Structures are given as C-alpha cells and as structure tokens.
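What follows is a single structure, written as structure tokens, with notes after it.
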Amino acid sequence: MVTAADSGTWKLGDREVNRLGFGAMRLTGNGMAGNSDGAPIDRDLAIRILRSAVEQGVNHIDTAAFYFSPLRSANELINRALAPYPDDLVIVTKVGPGRDPSGRWLPTARPEQLRGQVEENLRQLGRDHLDVVNLRRNGITSIADHFGALADLRDAGLIRHLGISSVTPEHLAEAQAIAPVVCVQNWYGLDRRRADADGLLDRCREQGIAFVPFFAISGNRREASAGDTHDDRILAVAREHGATPAQIRLAWTLHRGPHVLAIPGTSDPGHLTENTAAGALRLSQADLDLLDTLGQNDA
C-alpha cells in the first residue's frame, strides 16, 4: 500500500514529517477567501477524511483559525477527528489575517494582537502549544515587529517553531535576524514559479528550510477547485504514468527538491487517496523537462 511515507521526509525544526501532507482549508466548504463551491461537506465525512489521511501516513497538517465557514471550523474538525493527537503528528497553523464571527476579513493583526490569535488556535485545537506557526505577511511591508512578537511567544513556550508565508527572500532574511525559520509557505506550482525567479526556493534548500507551496494543484484558480481542462504537456505525462493531472502537478512539486513539501487539501476521499499516491510517483528527466516548459513565462 502506498502511503505518505513514500514521498520521503524532511524536518520542520526537530519534527520529522512526511513530505506529502494535508491542507485543511477545503474541509470548511468555502476556502480562505470566503468563496464557496457549495455547501460544506458532511461533518462526519470531514472527520473520516482527516482520520484517513493519518491512516495513509500523513503526519503534517496545515490549518488556521481563520479557516471556517458558518457551519465548519477546520481547527475544531481536526480536534474532533484526531485528538488525542498521535505523537508524530505535526500541526502547522498561521496567524496574521483574521475574520470576525460573520466571516468578514479584518485588518491584519497588529504585533500585540498575535498572542490572541495564537491562543485561539490553541483553544480550537485543544493543545497547550503549537508545533509550527507561520506568520502570513498579508501585505505588511516589514515583518520584523510581527515576527518578533511570535518569537516572544515561542520563548514563552506557546510555540515550538516559527515559519513565514507569502514572503520574499528579503522577508526571510529579516525574520532570520530575529529567530530561526523552519519553513516558508508560498504560492508555488507549475503555474506560479516566482520562487524560482527570485531565488527563494534555492535559498531555502541551501539553508535547510522547508519550502511549502500552496495552490500546487489548483494553480491560478487559487481557492477554487482544480479545473477540468489541462495543458497537453500535463496530460501527456499523466498518460505515461497512468496518473491524473493533479497527481502529476503534486509529483512535479515534490521533485523540485528534497526540502519541498506538499499540503494538498480535498473534501473527497478518493482524491485524498490519489494525492497520497502522488508522493510515490517518480518522474523522469524527460518528464520534468517537458513540464518545466509550462512555467517558463509564468514566474
């Protein structure tokens, strides 16, 4: 049986994870931007998907307190499905953006407000500390004050490790001057190659930092479901491997380097199994050369 372990492993600080993880955003039914593809999936189904992900070897789950809809909260689903948590499970959350109870987006949290966001994640997840917290930049020009506030919370024992999200190499350097960074979470995939152009992907590899793409499958569709139409080059590689286009996108992502992790999300049990199996796909150099031409003008 193929499991997430077939994707290989990487360390987030002192926590080793399989490189194929799971993103919880889609379990709420309306995604981070508040756009809905329909009613939230059945609560029991969401819980089964989370438990199945762990059974399939996933030990890295990405979430946030602002992943919620009127009927679903990603953090509370994770708590219900997986607590008491397996010892090897690493839950990564993020702070910075916020939403009020109606779902309306709030201004980016001020540094002094980040403790409240961290404590909300702790409460919803039922934990006394968070494994990894990413600071989502969300338009902030300098992240020093915000990252410094999280570093203080790490020193206080509320957070084990720190990461950053939606950043440039300059932001990474700014954060590293304050505290260690174990992961960088950015939009990246076949359709979005900016981390190649600005050197961020290579910089993370050189420094042993995990690079964690989001929207690796949906690409420019962002929070929306992946499209039904695909470039002929993706379809050709998919036929060669007897795989789906989504699996090829994930496999390409993981082939970008041993430090690159994947956190595909889904509300479909079948897609969960397909995503897990993508971690075992081994693309040839010819496959990679062909796929790389897809993003040459999209950095």
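The values are calculated or read from the model by the stated rules, or taken from the named source; none is laboratory data. It should be emphasised that the depicted structure is a prediction, and the values quoted were computed from it without experimental measurement. For neighbour counting, all protein chains shown are included, and Cβ atoms are generated from backbone atoms with ideal geometry for every residue, glycine included.
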* Asked: Which number in (1) modelled with pLDDT of 95 or more; (2) surrounded by fewer than 14 Cβ atoms within 10 Å (Cβ to Cβ); (3) within 28 Å of I49 (Cα to Cα); (4) in contact with a Pro (Cβ under 8 Å, 6 or more places away or on another chain) marks the one condition that R136 misses?
  -> (2)
* To do: Residue by residue through segment 193-217, note down the ones that are among the β-branched types (V, I, T) and either out of contact with any helix residue (DSSP H, G or I) (no Cβ under 7 Å at 6 or more places or on another chain) or at pLDDT 95 or above (or both).
  => I209, V212
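Across segment 92-105, which residue is nearest to P180 (Cα to Cα) among those that are touching a Lys or Arg at 6+ places or on another chain (Cβ under 9 Å) and surrounded by fewer than 22 Cβ atoms within 10 Å (Cβ to Cβ)?
For segment 92-105, the residue satisfying everything is P97.
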* Determine the pairs where a residue that is surrounded by fewer than 24 Cβ atoms within 10 Å (Cβ to Cβ), located within segment 261-277, has a partner that is assigned to a helix (DSSP H, G or I) and among the basic types (K, R) with Cβ atoms under 8 Å apart, the partner being 6 or more residues away or on another chain. => T266/R26; S267/R26; P269/R48
* Asked: Quick check, is D287 farther than 27 Å from I47 by Cα, among the charged types (D, E, K, R), at pLDDT below 95 and part of a helix (DSSP H, G or I)?
  -> no
* **Residue pairs meeting the criteria (Cβ under 6 Å; at least 6 apart or on separate chains; first on the phi > 0 side of the Ramachandran plot, in segment 8-21; second assigned to a strand (DSSP E or B))** => G13/H161
* Would you point out which residue out of T28, T108 is under 30 Å from V181 (Cβ atoms), modelled with pLDDT under 95 and touching a Lys or Arg at 6+ places or on another chain (Cβ under 6 Å)? => T28
